[in-house]
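Every read-out reported here was derived from the displayed coordinates using simple, explicitly stated rules and does not represent laboratory data. These figures come from a predicted structure and were not determined experimentally. Quick reminder, even Gly has a Cβ in these numbers, built from the backbone with ideal geometry, and neighbours come from all protein chains shown.
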Amino acid sequence: MKAFVVSPRRAGSGHLTELPDPKPAPDQALVRVLAVGVDGTDRELMRGEYGEAPPGEDRRIIGHESLGRVVSAPNGDLQAGQLVVAIVRRPDPLPCANCAAGEWDMCLNGLYTERGIKGAHGFLAELYTEDPRYLVPVPDSLAGVAVLVEPLSIVEKAVEQIQRIQSRLVWAPRRALVLGAGTIGALATLLLRLQGLDVFLYSRGDGGRGRQVAETAGAVYLSADVQPLDHALAREIGPLDIIIEATGYGPLAFDAMHAAGANGVICLTGVSGGRRTLSIDSDHLNLEMVLTNKVMFGTVNANRRHFERGVLDLQAIEARWPGLAERMITRRVPLAHFSPGDLERPDELKVVVDVHL
């Protein structure tokens, strides 16, 4: 089979190659890959910034945003022909309390594996095998957009945690601010609009396709080039109950702490790179966080219920704004023509590699 592989921590090593077709064990399903979404994580892996190959191997198939059809599966688990997306993270071999409870996205010891990223092959290949427990069925009506389920699962987890944290008080959120007009930011905007919130999307420049998607769903776009993220912005648009950060730009997280309203919650989903430093008014920020009951937390990855919720909400997005999710896919590339350069275009929202059309 054809597969796209990289050698961990070797920049420029990504290439298409031929590998033996995988053979499923008796308790595994065999899945034919239809499409794989690629993102900033894949770009960083191809730059050699991090990542681990499976034990005993020197290269790894990348790709973690999958869509495929079941070729075969153990009796009673899945049916041949079923459309599925695969969960990314797996619990560690000596499970911590969270992994043992199915909350492997909350692993305590860091010994988890992640398909396409850490210690396990990904899905950017023609076939893969998998334990059916990590395959989530998808209706055929979502065939054109189901590669968005994995990034949407990240947002589902973020929103679930926000709701759990805010059970600490009587809470009727009205306004949300999303930082960043990339895939996660656009999906967060759609999910919060589904819940009836007034949503403001904040990003640099004109916002590109992410802005178009957000405004179609009734959100308001704010340009960081025009308005800094500060108290003035918060006064202009009203108290912010929720802020979801999806940029990975560390200084913006501190700005968000100032911009959140009383009892507000700030969720960080972006991973900050580099070694930036900045000066902050730490005493005032501490006072503000304490006296107005603000909360800031970080979130990463997702587990099965977040993928399942993502499938349901993607159906709801399609029903409310027909065709809008598909507009998030800015380019499709056949597997035979995919190259690292396809991830270096700043104007793209979501690039999808078509494996089997």
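Descriptive notes on the structure:
- Once backbone amide H atoms are built at 1.01 Å from N, K118 has E52 as its partners under 5 Å, excluding neighbours fewer than 5 places away on the same chain.
- Shape category assigned to the stretch 60-161 from the gyration tensor of Cα positions, a/c cut at 1.5: prolate
- The stretch 153-298, relative contact order in percent, only Cα pairs under 8 angstrom and at least six apart counted: 21 percent
- Sparsely packed loop sites in the stretch 254-357 (the GluC sites (Glu not before Pro) outside DSSP H, G, I, E and B with at most 14 other Cβ atoms within 10 Å) comprise E344.
- Translational diffusion of the stretch 153-298, estimated by Stokes-Einstein from the Kirkwood radius over alpha carbon pairs at 4 °C in a medium of 1.567 mPa s, is 85 µm² per second.
- Between S13, S203, S153, the GNM of the chain built on Cα springs shorter than 10 angstrom shows S13 fluctuating the most.
- Trypsin sites (Lys or Arg not before Pro) restricted to DSSP loop in the stretch 273-356 with at most 15 other C-beta within 10 Å: R275, R276
- Cβ-defined net charge surrounding P239, 12 Å radius [Lys, Arg +1; Asp, Glu -1]: +1
- Loop-located chymotrypsin sites (Phe, Trp or Tyr not before Pro) in the stretch 116-224 whose Cβ has at most 16 other Cβ within 10 Å (DSSP): W171
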